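*Asks:* Please find one structure pasted underneath; my questions will follow.
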Amino acid sequence: MKRKIAVLGGGISGYGSAILAKKKGFDVFLSDMGKIADKFKARLDEWSVEYEEGQHTEERILDANEVIKSPGIPDTAPMVQKIRERGIPVISEIEFAARYKGVAKTICITGSNGKTTTTSLIYKIMVDAGRKVSLGGNIGESFAYSVATDKYFWHVLELSSFQLDGCYKFKADIGVLTNITPDHLDRYDYKLENYARSKMRITQNQTTADYFIFSADDPTTQQMLVEMDDSLRAHQLPFAINTAIASGDGDAILEGHTFTATVGKKSVTIDTRKMKIEGMHNVYNAMSAALATLAAGVDPKSIKRSIYDFSPVEHRLEPAGKQNDIEWVNDSKATNVDSVWYALESMKRPTVWIAGGTDKGNDYGPLKEFARRKVKALICMGVDNAKLKREFADIIPVIRDCNTFEDAMAAARDVAEAGDTVLLSPACASFDLFRNYEERGRMFKAWVAENILNKE
């Protein structure tokens with residue numbers, strides 16, 4: 001009799017997990033309370049995976065031997081509680097996919113800030129070096145789908161605390177922790193230490209053959225290292241700008257405008273003034289990426305070339321400019337709720353959120369807690385904004401209804417104040433007002449350049 005796998009959530013992690021489970025011979029059923037994107041349905045159909053949307057059929061889900069849960073679904077969700085009451089194991093896509101990756105190694109990046117840039121930079125360095133590598137986790141393709149459909153020697157994975165919470169036997173061959181700052185505390189009993197312990201799961205199961213890369217400037221990380229005492233077995237590779245460090249295994253230290261990253265007998269020196277990504281936070285990101293790829297055996301000269309050549313990821317949390325202490329961020333590629341969830345997760349300032357377009361049956365439930373805590377104003381940009389306004393009417397204090405791009409941008413400018421971030425993260429397809437998300441993102445950047453950055 002086939003073992004039964006139930007998958008909760010039909011986003012990127014969900015469809016990938018279902019396809020991998022199908023390939024491995026499981027009896028698979030995928031369930032999503034919202035609407036599944038057509039492109040994901042097409043892949044599920046291609047692999048003959050049974051699925052449902054708009055509901056949860058409890059008897060089928062509770063009949064599973066194991067459940068793979070999307071990270072956007074909280075443990076407090078009624079369906080998840082029922083699953084746990086039955087004693088059915090609940091795991092993440094990452095845990096499941098790792099069982100079948102074979103000899104491939106993983107470089108895993110987590111942290112409160114800088115994950116996407118660091119992950120993207122590491123991936124670029126690995127690709128430029130000619131490695132057979134996938135990009136997954138919060139960005140790129142589903143880790144599980146990559147394992148199911150191709151043979152890679154490396155997987156570069158951006159991981160949230162929620163994904164790590166669903167990992168038990170999974171191991172990062174190279175683990176990167178960018179930093180730990182207060183976030184998601186509502187899901188961790190409002191205790192920073194609980195959230196921090198989830199982040200430190202990046203080190204679980206690591207052996208003396210593995211590497212752990214972390215910020216020596218981050219006080220919470222340092223506190224957690226003290227708490228772990230001697231339980232950390234991996235080679236430790238700290239990086240720092242403000243703290244004097246020296247590690248026998250390697251480290252990365254900024255002196256003036258130059259940092260040197262060293263792992264074992266190999267090192268690379270980077271002039272930060274030659275980097276296309278600006279700001280001290282990107283120096284941290286580059287240091288951790290250099291350490292990770294040195295640990296992966298990439299030639300230092302290749303690392304240097306890739307770091308100097310790396311540009312911000314277009315249309316994915318892409319900085320579009322800053323004026324009068326107001327940041328403008330282009331996340332036009334976020335055409336579904338899952339992508340917006342990660343965008344709102346990353347926001348550290350009061351946010352003016354521009355959303356809307358062609359709705360695909362979105363379930364906005366996973367975004368509401370972030371919206372309540374982080375979003376000061378919602379600018380609805382679309383032909384029909386009724387659903388957006390209805391869903392967030394009692395959550396976001398200011399909502400503007402705009403039917404054109406120009407009106408939406410003007411409204412965002414009027415609402416934003418010093419200390420805010422204006423975030424274009426639509427959660428919808430672009431086809432009501434634009435040809436595609438690229439056009440939408442480029443129009444956003446062009447408007448900011450003309451109307452914000454060129455103004456005195």
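*Asks:* Go through 5, 12 for me and flag whichever is β-branched (Val, Ile, Thr), within 20 Å of residue 334 (Cα to Cα), in contact (Cβ under 8 Å) with a residue 12 or more places away in the chain and surrounded by 14 or more Cβ atoms within 10 Å (Cβ to Cβ).
*Replies:* Working: 5 fails: within 20 Å of residue 334 (Cα to Cα).
On inspection, the qualifying residue turns out to be 12.
*Asks:* Quick one: in the range 81-134, which of the residues that are of a type in the set (A, V, I, L, M) and surrounded by fewer than 17 Cβ atoms within 10 Å (Cβ to Cβ) is farthest from residue 4 (Cα to Cα)? Working first, answer last.
*Replies:* Step one: list which residues in the range 81-134 are of a type in the set (A, V, I, L, M), which gives 83, 88, 90-91, 94, 97-98, 103-104, 107, 109, 121-122, 125-127, 129, 133.
Next, only the ones that are surrounded by fewer than 17 Cβ atoms within 10 Å (Cβ to Cβ) stay: 103, 127.
On the way: 103: 26, 127: 37 Å.
Step by step, filter the range 81-134, then rank; the result is 127.
*Asks:* Quick check on the range 434-456. Is at least one of its residues in contact (Cβ under 8 Å) with a residue 40 or more places away in the chain, assigned by TED's automatic domain parsing to the domain that holds residue 322 and among the hydroxyl-bearing types (Ser, Thr, Tyr)?
*Replies:* yes
*Asks:* For the range 147-162: of the residues being more than 29 Å from residue 180 (Cα to Cα) and not hydrophobic (A, V, I, L, M, F, W, C), which is surrounded by the most Cβ atoms within 10 Å (Cβ to Cβ)?
*Replies:* Kept after step one, since they are more than 29 Å from residue 180 (Cα to Cα), are these residues of the range 147-162: 147-153.
Those still in the list that are not hydrophobic (A, V, I, L, M, F, W, C) too: 149-152.
Numbers: 149: 16, 150: 10, 151: 12, 152: 20.
Within the range 147-162, the match that is surrounded by the most Cβ atoms within 10 Å (Cβ to Cβ) is 152.
*Asks:* Continuing with the same structure: Go through (1) surrounded by fewer than 19 Cβ atoms within 10 Å (Cβ to Cβ); (2) over 21 Å from the mean Cα position of the chain (by Cα); (3) more than 30 Å from residue 275 (Cβ to Cβ) for residue 74 and report which single condition fails.
*Replies:* (2)
*Asks:* While we're on this one: Can you give me the number of residues within the range 8-33 that are modelled with pLDDT of 95 or more and either outside the structural domain of residue 65 (by TED's automatic domain parsing) or assigned to a loop (DSSP other than H, G, I, E, B) (or both)?
*Replies:* The qualifying residues number 3.
Listed here are the residues, each with its yes/no results for (1) in contact with a Cys (Cβ under 8 Å, 6 or more places away or on another chain); (2) aliphatic (A, V, I, L, M).
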| position | (1), (2) |
| --- | --- |
| 114 | no, no |
| 126 | no, yes |
| 134 | no, no |
| 138 | no, no |
| 145 | no, no |
| 153 | no, no |
| 162 | no, no |
| 165 | no, no |
| 175 | yes, no |
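*Asks:* Shifting gears a bit: Report yes if residue 270 is in contact with a Phe, Trp or Tyr (Cβ under 9 Å, 6 or more places away or on another chain), crowded, with 16+ Cβ neighbours inside 10 Å and without any contact (Cβ under 8 Å) to a residue 40 or more places away in the chain, otherwise no. Break it down stepwise before answering.
*Replies:* Working: in contact with a Phe, Trp or Tyr (Cβ under 9 Å, 6 or more places away or on another chain): yes; crowded, with 16+ Cβ neighbours inside 10 Å: yes; without any contact (Cβ under 8 Å) to a residue 40 or more places away in the chain: yes.
Yes, satisfied.
*Asks:* Quick one: residue 420 ticks every box in (1) within 19 Å of residue 349 (Cβ to Cβ); (2) of a type outside the set (A, V, I, L, M); (3) touching a Phe, Trp or Tyr at 6+ places or on another chain (Cβ under 8 Å) except a single one, so which number is it?
*Replies:* So residue 420 meets the others, but not (3).
*Asks:* Here is a follow-up. Output the number of residues of the range 401-431 satisfying the condition of being part of a strand (DSSP E or B), within 17 Å of residue 374 (Cα to Cα) and not aliphatic (A, V, I, L, M).
*Replies:* Of the residues in the range 401-431, the ones part of a strand (DSSP E or B) are 401-402, 421-424, 429.
Now narrow it down to the ones that are within 17 Å of residue 374 (Cα to Cα): 421-424.
Now drop any that are not not aliphatic (A, V, I, L, M), which leaves 421.
Adding up the residues that qualify gives 1.
*Asks:* Okay, moving on. Take the range 291-306 and flag every residue that is touching a residue at least 60 places away in the same chain (Cβ under 8 Å), crowded, with 16+ Cβ neighbours inside 10 Å and under 19 Å from residue 237 (Cα atoms).
*Replies:* Within the range 291-306, the first condition is being touching a residue at least 60 places away in the same chain (Cβ under 8 Å), and the residues that meet it are 291-293, 295-296, 298-299, 302-303, 305-306.
Then drop every residue that is not crowded, with 16+ Cβ neighbours inside 10 Å, which leaves 291-293, 295-296, 298, 302-303, 306.
Matches in the range 291-306: 291, 292, 293, 295, 296, 298, 303.
*Asks:* Among the residues of the range 191-227, write down those that are farther than 18 Å from residue 178 by Cβ and not charged (D, E, K, R). Before the answer, list the steps.
*Replies:* From the range 191-227, those farther than 18 Å from residue 178 by Cβ are 191, 193-194, 205, 207-209, 226-227; that's our starting set.
Within the range 191-227, 194, 205, 207, 208, 209, 226 meet the criteria.
*Asks:* I'd like the full set of residues that are of a type in the set (D, E, K, R) and in contact with a Lys or Arg (Cβ under 6 Å, 6 or more places away or on another chain), limited to the range 1-34.
*Replies:* First pass over the range 1-34, keeping only residues of a type in the set (D, E, K, R): 2-4, 22-24, 27, 32.
Correct list: 27 only.
*Asks:* Would a scan of the range 104-118 turn up a residue that is more than 22 Å from residue 168 (Cβ to Cβ) and not polar (S, T, N, Q)? Spell out the reasoning first.
*Replies:* As a first pass, look at the range 104-118 and keep what is more than 22 Å from residue 168 (Cβ to Cβ): 112-114, 116-118.
When the remaining residues are screened for being not polar (S, T, N, Q), the result is 114.
Yes, the range 104-118 has at least one match.
*Asks:* Could you list, ordered by first residue, the pairs with Cβ atoms under 6 Å in which the first is in the range 240-263 and assigned by TED's automatic domain parsing to the domain that holds residue 221 and without any contact (Cβ under 8 Å) to a residue 40 or more places away in the chain and the second is among the polar types (S, T, N, Q) and outside any strand (DSSP E or B), at least 6 apart or interchain?
*Replies:* 257/272
The values are calculated or read from the model by the stated rules, or taken from the named source; none is laboratory data. Computed from a predicted model, the values in this text were never measured in an experiment. Cβ atoms come from the backbone with ideal geometry, glycine included; neighbour counts cover every protein chain shown.
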